[in-house]
Amino acid sequence: MNGRIVSAFVAIIHLYICPCFGENYILDDKVGLGRKFDGIGGLSGGGATSRLLVNYAEPYRSQILDYLFKPNFGASLQILKVEIGGDAQTTDGTEPSHMHYENDENYFRGYEWWLMKEAKKRNPNITLIGLPWAFPGWVGHGKNWPYDFPDITVSYVVSWIIGAKQYHDLDIDYVGIWNERNFDSKYIKLLRYTLDKSGLENVKIIASDNMWEPITFYVLLDQELRDAVDVIGAHYPGTTAVEEALKTNKTLWSSEDYSTFNDDVGGGCWARILNQNYVNGKMTATISWNLVASYYQDLPFGRDGLMTAQEPWSGNYVVESPIWITAHTTQFTEPGWTYLQTVGHLKHGGSYVALTDQKGNLTIVIETMTHNHSICIRPPLPAFTVAAQNATFSLKGSFGSVTQLQVWHSKFNFKTKKPSFFQKLDPIKISNGSFTLSLDVDEVYTLTTLTTGQKGSYPEPPASAPFPKKYKDDFNVKNPSFTEAPNFADQTGVFEYYINLTDLGPHVFTLRQVVTQRPVTWVADADQTISVIGDYKWQNLTVMCDVLMETERTGGVFIAARVDKGGGLVRNAKGIFFWVFADGSYKVTGDLSGQTVLAKGSSGTKAHVWYTLSLSIQGDHASGELNGFPLWKLSVDLVPKNGWTAIGTRSFELAQFDNFSVQAE
C-alpha cells in the first residue's frame, strides 16, 4: 500500500479510536481572548534571495507564485516583507536602490516591486513591509552610518514608500528601521513625524528588527518613542520574549525567523515555532527568512527558503515541506482573528493554539515535533522530549455547539522517510462537546470549522538540470522587464541594463556597473564590484566578454572563473581573475582582492575603448587573450578547482560589459 495512504489510514484510526484515558485541554472563548493574530509571512531580500525567480519562464513562474501567495492553494502567505534595496551585499547578493545617487530616482529597479504586485494580485489583503539592510553611500555622506543626517535617511526611506504607491499602486503597511543594526530613537521619532506629515499615517513602524533589547527598554522609558513604535520585532527569538517586551503592551512579532535548510527537519523547525512563538512568547506574526530559495545554492544559507526555485534555466522548482506546514495555519485563519487564552503545551510534548474570528469559527493547530526533527539554524534548541499521547479537547463557550471539525494532517515519518503532508481526512465528530486524538510524534494537525482548505497542485515541473554549459548574453533587451540581466547575481556593486546613446555601433545595449561610492554596508562588501553567474561545479571552460572602462587612469575591469565565494564572504573570494586597467597594464590574480598576483604586464588598454577579453582554463593551465591575441599563459597549481564565472570592476566605478559568453566542459 502506498506510504501516504497508510499514513492517512493510521491518522483516521487515531481520530476514531477514543482512548479511555488522556490529558484534557479546554478551548473556551468566554474566559477571555488572547492577542490578535497578525499573520504568517515570508521575506524576499535580505540578500537578493528572490534573484533567480524573476528569470523563470511561464507557466512555472506563476505556479511558484501561486504556491507562495494564492489563498487556499499552498502557503497562502499573509505577509510579504521585502528589502528596501541599498546597493550593498546583504547575505546572498546586492539589491539595487531606487536612488543610487542623491539626484537619482528610479522606482522600477530590481524585482521587489514586481513581487509585491504579484503577491497583491493573488491576495489583495496581504500585508506589505519594507526594511532597509543597507543604504547608498550618499545617504551616509561617506560614513558607514545612516543616522548622522537623519533627515536625509528618513527622506530616502519615505520616498520608497511614496514611490511604491505612485508608480505601482502599492500601499506599504509597515516600515522598519535598519535590519539587525543599531537604532536611533531620534531617527524613529523623525520617521514617524515625516510619515504623518506626508499623509502616510497608516504606515506603521516596526522596531528594531534585532534583539528584544535594548529597544524594549527605550520604549518603556520614552513615551514619545513608545507612541512612534507600533510593533516590536525581534529576530530568531527562540519562541520566547523577554519580560520587558511583554511589559510594553506592544504588538510583538518574530519579524525574521526560520533561516533553516528546507528539508523535513527544516519543516519541523517551522512547525514548532509557528505555534510556540505565540504559546511561549505571545508573538502574533512570524516571518520566514527567506520567502523562496531562489539564489545559487552554493551561496551562503543555500536552500533556506520555504520552497526551492533555483533553476530558471530548467524550469525546475520544488515545493518543500514548509509550504504545507504554513498552510496548516494560513489556510484556516486570517489576520484579525484572535488567539484564545486557552493555548499551551501538551502534557507529553508539543503544543496547541486555537484561534477564532469571533463569528463562530474556530481553528486549532497542534504540533508534536521532536527535538532532533525540529532544529532551527538558530538559536540553539534546549533539550526536550515528546512522546505519543492521547489528547482530549473540550469545546466550551461559543464553541459548545460545534458538532464536527474538518481535519488536515501532516506526518513527517522520519523512520520510514515517507512523509505525508497536508492531507485532508474525514471530519471528526464532536461528542458531548469534546473529541480525542491519539497523537504520534512529529505530526501536525489542523482542526477547523472552515471548509475552504485545499492542497493545490500543478503538473510536475521540468526535471532538474545544471546550468547550461554553453551560455551567451548580448544584453540586447530593448524593453527589459527588470534591470538585472538574467542569472547574473551581483555580490558587490549593481550591474544594470544600459542604453549607450553615445555608441551607435555594436555596443548600444550593454550591462553597466553603476555604483560609484561604497554604500552604508550591512556586511563587509568587497572593495571591488563583482557579479557571478553559472555552475559552481565548473572547472574547465572559456569565458569571454567585451569590456569598457569609464574611469581614466585608475579604472579597471575583470572577467573571472572558478570563483569560490559570494555573499558576505565575497571579499575573500578566490579564483582566476583576468584584469585590464586604464593605465595600460594587465594582471592575473588568484583572488578578488588582487593580492595574489600570478602574472602581470603591459596591455595597452585605456578608458573609453571597447576590448574583448578571453579567459581559458584547463586543469592547472590558464591563458588569456585580448582582442583575440594571446596575452598571457600560466601553468601552476590553480586554486580553487571549481567555481562560478564572474565579471567586475577594480573599485566602485562605472564600467560596461557586452557579449558575455561561456563554454564549459
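Every read-out reported here was derived from the displayed coordinates using simple, explicitly stated rules and does not represent laboratory data. All of these numbers come straight from a predicted model, not from anything done at the bench. Quick reminder, even Gly has a Cβ in these numbers, built from the backbone with ideal geometry, and neighbours come from all protein chains shown.
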Among all the lysines, which ones have a C-alpha under 22 Å from K347's C-alpha, if same-chain residues fewer than 8 places away are not counted? K282, K396, K411
Distance from the stretch 199-232 to the stretch 265-318 (C-alpha centre basis), Å: 27
Using a ≥ b ≥ c from the Cα gyration tensor of the stretch 470-664 (square roots of the eigenvalues), is it rounded, prolate or oblate, where a/c under 1.5 gives rounded and otherwise the larger of a/b and b/c decides, a/b for prolate? rounded
Degrees between helix 185-197 axis and first principal axis of the chain (Cα, 0 to 90, nearest 10): 80
Step through the residues of the stretch 617-624 one at a time and calculate ³J(HN,Hα) from phi using the Karplus curve (6.51 cos²θ - 1.76 cosθ + 1.60, θ = phi - 60°), rounding each to whole Hz and writing x for Gly and Pro. 10, 9, x, 9, 10, 9, 8, x
Whole-angstrom gap from the stretch 595-656 to the stretch 35-57, using each part's C-alpha centre: 37
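Among K36/K197; K81/K165; K36/K186, which pairs are too far apart, with a Cα-Cα distance over 24 Å? Can you show the working numbers first?
Details: K36/K197 29 Å; K81/K165 16 Å; K36/K186 29 Å.
Pairs exceeding the cut-off: K36/K197; K36/K186.
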Sequence of H235, H371 once ranked by neighbouring C-beta atoms within 10 Å, starting from the fewest: H371, H235
Estimated vicinal HN-Hα couplings, Hz - the stretch 454-465 in sequence order (Karplus 6.51, -1.76, 1.60; Gly, Pro = x): 7, 8, x, 7, 10, x, 3, x, x, 5, 4, 8
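Which residues make up the longest stretch of the chain that has no chymotrypsin sites (Phe, Trp or Tyr not before Pro) in a DSSP loop with at most 13 other Cβ atoms within 10 Å? Walk me through the numbers before you get to the answer.
Numbers: sites that count: F21, F384.
Looking at the chain, 22-383 is the longest stretch - no exposed chymotrypsin sites (Phe, Trp or Tyr not before Pro) with at most 13 other Cβ atoms within 10 Å.
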Under a cut-off of 27 Å between alpha-carbon atoms, report the lysines in cross-link reach of K472, not counting same-chain residues fewer than 8 places apart. K537, K565, K574, K587, K606, K633, K641
Calculate how many DSSP beta bridges within the stretch 37-336 are antiparallel, expressed in % of all such bridges and rounded to the nearest 5. 10
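Quick check: from the Cα gyration tensor, does the stretch 37-336 come out rounded (a/c under 1.5), prolate or oblate?
On the way: a/c = 1.66, a/b = 1.19, b/c = 1.40.
The shape class here is oblate.
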Using the Karplus curve 6.51 cos²θ - 1.76 cosθ + 1.60 with θ = phi - 60°, what ³J(HN,Hα) values do you get for each residue of the stretch 43-60, in whole Hz, with x for Gly and Pro? 10, 9, x, x, x, 6, 7, 9, 4, 7, 4, 5, 7, 5, 7, 6, x, 5
Using modelled amide H (1.01 Å from N, peptide plane; none on Pro or chain starts), what sits under 5 Å from the amide H of L170, excluding residues fewer than 5 places away? K165
Residues whose built amide H sits under 5 Å from the amide H of T554, excluding neighbours closer than 5 in sequence, are none
Amide H contacts under 5 Å for F509, placed H, 5+ residues apart: N500
What shape does the stretch 536-579 have by the C-alpha gyration tensor, where a ≥ b ≥ c are the square roots of the eigenvalues, rounded means a/c under 1.5, and otherwise prolate means a/b greater than b/c and oblate the rest? oblate
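For a quick check: sort M549, M211 by the number of other beta carbons within 10 angstrom, fewest at the front.
M211, M549
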Length gain on complete extension for the stretch K600 to K396, per 0.36 nm per residue less the alpha carbon to alpha carbon distance? 65.4 nm
